Amino acid sequence: TNPIGIDNPVPRLSWIIESELDNTMQVSYEIRSALSPSDLSKKSGQLWNSGTVESSQSIHVKYQGPAPGSHQRIYWQVRVVDNHGKKSKWSDPAFFEMGKLKAGDWTARWITPTWEENPKKSEPSPYLRKEFALEKSLKQARLYISCQGLYQVELNGNRVGDQEFTPGWTSYDTRLQYQTYDITSLLARDQNAIGVVLGDGWFRGNLGWIDGRNNWGEKLAVIAEIVVEYTDGTTTTIVTDESWKASKGAILESDIYNGEVYDANRELKGWSKVGFDDSKWMGTVTMEISKDKLIAPEGPPVKIVNKLEPISNEKREEGWLVDMGQNMVGWIRIRASGQKGDVITLRHAEVLDKEGNMYYDNLRAAKCINTFLLKGGGEESFEPHFTFQGFRY
C-alpha cells in the first residue's frame with residue numbers, strides 16, 4: 001500500500017471492492033493517474049486514463065501510463081461498475097513512488113573503514129557516522145541505503161524503519177537490494193547526524209554445512225544517500241564518501257550461525273546524535289563496487305511479528321532452563337543487573353533429550369550462543385542485532 005522506492009517501471013495495481021449486496025462482482029473498471037491528487041480529476045492534468053475496461057480483473061492490473069522516472073511519485077484512483085449496474089465512487093487517491101532506476105542515479109560511493117581485519121574470523125562490527133546541516137524548510141526526505149553485510153541505521157539517535165536483517169539475503173554477486181525510507185519526520189531544520197552499524201550476515205559470515213566464511217567477499221561496506229527536498233522546490237543530497245568516520249563499538253562478534261558477543265562496556269553512547277565526539281574515530285575509504293546490481297527489494301521485509309514470554313523458568317546446576325512454549329525463529333531480549341564484567345551466556349536448543357537436558361547435536365557446528373558482558377551500575381537490557389536462532393529452550 002502506497003509503496004516508496006520501487007523500481008519496476010510497470011507496477012501492478014490492485015484493489016478490493018466492497019458491497020452490502022450478495023453475489024457482487026466487478027464487470028468493468030476505470031483507472032486514472034496524475035502527478036498530484038488534485039490533478040486526478042482534471043483531464044488536462046492526468047498522466048493516463050484507462051477509459052472503461054470491461055473486465056473482472058482487480059489484481060495485478062498493469063500501469064500503462066508514461067514510464068515513471070527515478071524518485072517520481074504517481075497518484076492513481078480506480079472506480080468500478082458491478083453486475084448490479086452500480087458505479088462506485090472514485091477510490092481515495094493511492095500512490096507509488098519510484099526508487100533509483102539505474103546505476104547512474106546513485107551519487108553516493110561505497111565506503112568501508114580503513115582498519116585491517118582478519119578475514120578468517122568474526123571481527124567487531126563497524127560503526128560509521130556523519131553530521132550534516134539542512135539550511136531551509138524541509139518538504140520531504142528519503143534515505144536510500146544498502147550494504148555488503150547487514151545494516152542498522154539511525155538518525156539523530158532514532159532507529160530508522162522497523163525492518164530486520166536488511167538489505168536481505170540474495171546472490172550478492174548478481175543482485176543487492178537497497179531499502180528506501182521516508183525520514184522526513186526524523187530530520188531537524190539545522191544540524192543532523194546519521195549512523196550506520198554493520199554486521200557480517202550472510203555476506204561474509206559462516207554459511208553452509210561446513211565452516212565456510214566470506215562466500216561473497218571479505219569487506220563490509222555501505223552505500224547511503226539522503227535526498228532532501230525543500231519547500232522552495234530545491235534539493236540537496238547527503239552521501240556516503242570519505243568524509244564519514246568509523247569506529248569499533250560494543251558488538252565484538254556478529255554471526256548468524258554462531259551468535260553475537262556484546263560488551264556493554266564498549267557502548268558508544270550518543271554515537272548517532274549531533275555533537276558526539278568522534279575525534280578519535282578512524283577514517284573511511286571508498287570501494288569500487290558495481291552499482292549496476294543494486295535493486296529495489298523483491299520480497300516482503302523481515303519484521304518482528306510477535307513477542308513471547310517464557311512459560312517456565314527452572315534453576316539448574318548449569319544455569320536457568322527457560323521454556324518459551326513453542327519452537328520459534330527469533331531471539332531473546334533480557335534485562336539483568338550485575339557487576340561490571342559479569343557475563344551472561346544464552347544458549348539455544350529446539351528440543352530436550354530424554355533426560356530433559358538441552359539437546360545441541362542437531363546444531364552441528366553452529367554455536368547458537370549470544371554473550372552479554374555487563375557494565376554494572378543498574379539494570380541493563382540486551383538483544384542481538386544481526387543474528388537469530390531457531391529454538392524453544
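The values are calculated or read from the model by the stated rules, or taken from the named source; none is laboratory data. The model shown is predicted, which means the values in this text are computed figures rather than measured ones. Cβ sites come from the backbone with ideal geometry, for glycine too, and all protein chains shown count toward neighbours. In case anyone asks, the SASA skips ligands and DNA or RNA and just uses the protein heavy atoms, side chains included. Shrake-Rupley method; radii C 1.70, N 1.55, O 1.52, S 1.80 Å.
As a fraction of the 1.4 Å probe accessible area of the chain, surface on carbon and sulfur atoms comes out at 47 percent. Take 15-27, 367-379 and order them by the average number of nearby Cβ atoms within 10 Å per residue, most first; the result is 367-379, 15-27. Close amide H pairs (under 5 Å, H built 1.01 Å from N) link Ala221 with Gln148, residues at least 5 positions away or on another chain. Per residue, the chain exposes an accessible area of 53 Å² to a 1.4 Å probe, with every protein chain left in place. Short-range pairs are left out: with C-alpha atoms under 8 Å and at least six residues apart, the relative contact order of the chain is 16 percent.
Using only alpha-carbon positions in segment 133-263, the gyration tensor eigenvalues give semi-axes of 31, 15, 12 Å once each is multiplied by 5 and square-rooted (largest first).
With the cut-off at 1.5 for a/c, could you classify segment 1-140 from its C-alpha gyration tensor as rounded, prolate or oblate? In terms of gyration-tensor shape, prolate.
What does the highest-first list of 300-308, 222-230 look like by mean Cβ count within 10 Å? Display every interim value, and only then the final one.
On the way: 300-308: 9.8, 222-230: 21.7.
Top of the packing list down: 222-230, 300-308.
Within the shell of other residues whose beta carbon sits under 13 angstrom from the beta carbon of Arg142, the net charge comes to -2, with Lys and Arg scored +1 and Asp and Glu -1.
The calculated pair-distance distribution of segment 91-196 uses every alpha carbon pair, bins of 10 angstrom beginning at 0, and gives 10, 37, 36, 13, 2, 1 percent.
Which value results when the Cα radius of gyration for the chain is divided by 2.2 N^0.38 Å? Mind dumping the intermediate values first?
Working: Rg = 25.0 Å, N = 393, 2.2 N^0.38 = 21.3 Å.
After normalising by residue count via 2.2 N^0.38 Å, the value is 1.17.
Taking a ≥ b ≥ c as the square roots of the eigenvalues of the alpha-carbon gyration tensor, segment 245-341 is classed oblate because a/c is 1.5 or more while a/b is no larger than b/c.
Using the Cβ of Arg335 as centre and a radius below 13 Å, the other residues enclosed give a net charge of -3, where K and R count +1 and D and E count -1.
Pairs to check: Lys273/Lys293; Lys248/Lys367; Lys139/Lys293; Lys139/Lys307; Lys100/Lys139. Give those whose C-alpha atoms are more than 27 Å from each other in this structure. Kindly include the intermediate steps, with their values, before the conclusion.
Numbers: Lys273/Lys293 32 Å; Lys248/Lys367 23 Å; Lys139/Lys293 30 Å; Lys139/Lys307 36 Å; Lys100/Lys139 20 Å.
Those over the limit are Lys273/Lys293; Lys139/Lys293; Lys139/Lys307.
In what sequence, largest accessible area first, do Ser91, Ser28, Ser44, Ser381 appear using a 1.4 Å probe? Write down the numbers at each step before the final one.
Values: Ser91 40, Ser28 10, Ser44 115, Ser381 80 Å².
Listed by decreasing accessible area, they come as Ser44, Ser381, Ser91, Ser28.
With only Lys, Arg, Asp and Glu charged, each at its Cβ (+1 for the first two, -1 for the last two), find how big the charge dipole of segment 265-308 is about the Cα centre; round to the nearest 20 debye. Intermediate results must be reported in sequence, preceding the final value.
Numbers: 8 positive and 6 negative charges, 57 e Å.
Its charge dipole is roughly 280 debye.
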